[in-house]
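The values are calculated or read from the model by the stated rules, or taken from the named source; none is laboratory data. Every value quoted in this text rests on a predicted model; they were computed, and no experiment measured them. All Cβ positions, even for glycine, are placed from backbone atoms using ideal geometry, and neighbour counts span all protein chains on display. Keep in mind that these areas ignore ligands, DNA and RNA; they rest on the heavy atoms of the full protein, side chains included. Shrake-Rupley method; radii C 1.70, N 1.55, O 1.52, S 1.80 Å.
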Amino acid sequence: MASRKAGTRSKAAATKQAHRGSSNVFSMFEQAQIQEFKEAFSCIDQNRDGIICKSDLRETYSQLGKVNVPEEELDAMLQEGKGPINFTVFLTLFGEKLNGTDPEEAILSAFRLFDPSGKGVVNKDEFKQLLLTQADKFSLAEVEQMFELTPMDLAGNIDYKSLCYIITHGDEKEE
């Protein structure tokens, strides 16, 4: 009898822990953000079964105009969920991706170190050199990918205030 009770307690504890883990994910976001994630999840979950599967991803890519997505790419996306990707897992994945972002003011302060004149821009070539050679070095491909999304002024300088906004809030053009 004691062992049955212990088994029951352990199941209850596991259920409570799983519930607590999922509820923590929801506390990471505001209600409006959660609603946006639900809408995005619904757009991806093409067959409306509550789980994102490979055919859902393939169909979503197809609707976006990309028809020949490699199987390996789709498999890699699904493996990030470490199991079936329901809405809670989907939200958790976004939470993990977004969790490492510093506050906007901290990012702006870091950029201001490279902008002694206070114009709100940094030289693209100088910044590129720093990214390729300092601290957590970027590869050339990573730098080029970043510059594709980076707002530039007419002289080719990085508009770091706009870039900080994109890093912390997302790109408004995507909506």
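With respect to the conditions (1) more than 25 Å from D56 (Cβ to Cβ); (2) without any contact (Cβ under 8 Å) to a residue 24 or more places away in the chain, G83 lacks only one, and its number is (1). Of all residues in region 56-98, which are open to solvent by 90 Å² or more (accessible area, probe 1.4 Å), within 23 Å of I34 (Cβ to Cβ) and touching a Cys at 6+ places or on another chain (Cβ under 9 Å)? Once the filter is applied, which keeps residues that are open to solvent by 90 Å² or more (accessible area, probe 1.4 Å), within 23 Å of I34 (Cβ to Cβ) and touching a Cys at 6+ places or on another chain (Cβ under 9 Å), region 56-98 yields only P84. The number of residues in region 145-164 that are under 15 Å from R112 (Cβ atoms) and open to solvent by 80 Å² or more (accessible area, probe 1.4 Å) comes to 1. Restricting region 9-55 to residues that are at pLDDT 90 or above, under 20 Å from K82 (Cβ atoms) and touching a helix residue (DSSP H, G or I) at 6+ places or on another chain (Cβ under 6 Å), the residue that is most open to solvent (accessible area, probe 1.4 Å) is K54. Scanning region 99-140 for residues that are over 23 Å from H169 (Cα atoms), open to solvent by 70 Å² or more (accessible area, probe 1.4 Å) and not acidic (D, E), we see that the one that is modelled with the lowest pLDDT is A135.
Summed over region 92-146, the residues that are within 19 Å of I166 (Cβ to Cβ) and of a type in the set (S, T, Y) give a count of 2.
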